[in-house]
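Engineer: One structure is given below, represented as structure tokens, and several questions about it will come after.
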Amino acid sequence: MESEVEQSRQTSNADSTDTGQSLPQPGTEAYAALPQLLSCSPLPFRRTIRRGELRQIVPLAETTIYEMEQRGEFPRRFRLTARCVVWDLEEVEAWIEERKQASRAAKSAAPAAPDVRLRRYRPIR
């Protein structure tokens, strides 16, 4: 990550020293060719969310979330301090995406509806 930043600085410094000019003016082709944003974040921090934000993202009861954490079916919370627990937002989003994909796969594999003619009581003829 740091090497990408250093390489982009070195190439921009090399370009400006080779031509003897400063950075190109906005609106020119040379300016458009410059890298505007890095492909990854220069800061290695990860966003964490507290209980209130988690409840907005995941519409499950707190006890359900707790039980799923205990079974290993939901991302685990961790303590920042003695009174503050948080979840990693990236893990929660990955869990949601995994559930979405599983739901879509199950929907395509499931039959359209149960066969009501096979009922034991009050079968439809």
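The values are calculated or read from the model by the stated rules, or taken from the named source; none is laboratory data. Remember, predicted model here, so these are calculated numbers, not experimental data. Quick reminder, even Gly has a Cβ in these numbers, built from the backbone with ideal geometry, and neighbours come from all protein chains shown. Heads up: the accessible areas ignore ligands, DNA and RNA and are worked out on the full protein's heavy atoms, side chains in. Shrake-Rupley method; radii C 1.70, N 1.55, O 1.52, S 1.80 Å.
Engineer: Around residue 74, which amide H atoms from residues at least 5 apart in sequence, or from another chain, sit under 5 Å from its own amide H, with H modelled in the peptide plane?
Structural biologist: 69
Engineer: Residue-wise, which Karplus ³J(HN,Hα) couplings in Hz belong to region 89-105, taking 6.51 cos²θ - 1.76 cosθ + 1.60, θ = phi - 60°, and x for glycine or proline?
Structural biologist: After applying 6.51 cos²θ - 1.76 cosθ + 1.60, I find 4, 4, 5, 5, 5, 5, 5, 4, 5, 4, 5, 5, 5, 5, 5, 5, 5 Hz.
Engineer: So which trypsin sites (Lys or Arg not before Pro) in region 54-90 pass both tests, a DSSP loop state and at most 15 other Cβ atoms within 10 Å of the Cβ?
Structural biologist: 76, 83
Engineer: If you don't mind, there's one more thing I want to ask. I'd like the accessible area for residue 116, computed on protein heavy atoms only with a 1.4 Å probe and all protein chains in place. Round to 10 Å², please.
Structural biologist: 50
Engineer: Follow-up question, since we're still on this one. How long is the gain from residue 70 to residue 103 if the chain were fully straight, where each residue apart is worth 0.36 nm and the alpha carbon distance is subtracted? If you can, show how the numbers build up before the last one.
Structural biologist: On the way: separation 33, 0.36 × 33 = 11.88 nm, distance 2.20 nm.
Gain on extension, residue 70 to residue 103, equals 9.7 nm.
Engineer: On to the next question. Ordered by residue, what ³J(HN,Hα) values in Hz, to whole numbers, does region 53-67 give under the Karplus form 6.51 cos²θ - 1.76 cosθ + 1.60, where θ = phi - 60° and Gly and Pro are x?
Structural biologist: 5, 4, 5, 6, 7, 10, x, 10, 5, 4, 5, 5, 4, 4, 5
Engineer: If amide H atoms are built 1.01 Å from N in the plane of the peptide, which residues on other chains or at least 5 residues away come under 5 Å of the amide H of residue 48?
Structural biologist: HN-HN under 5 Å from residue 48: 89.
Engineer: At 1.4 Å probe size, what's the solvent-accessible area of residue 63? Round to the nearest 10 Å².
Structural biologist: Only protein atoms counted, so the area is about 90 Å².
Engineer: If you don't mind, there's one more thing I want to ask. How big is the accessible area of residue 80 in square angstrom, nearest 10, if you roll a 1.4 angstrom probe over the protein chains?
Structural biologist: 100
Engineer: Something else: Karplus couplings for region 29-35 from phi (6.51 cos²θ - 1.76 cosθ + 1.60, θ = phi - 60°), rounded to Hz, Gly and Pro as x?
Structural biologist: The phi angles translate into 5, 5, 5, 5, 6, 5, x Hz.
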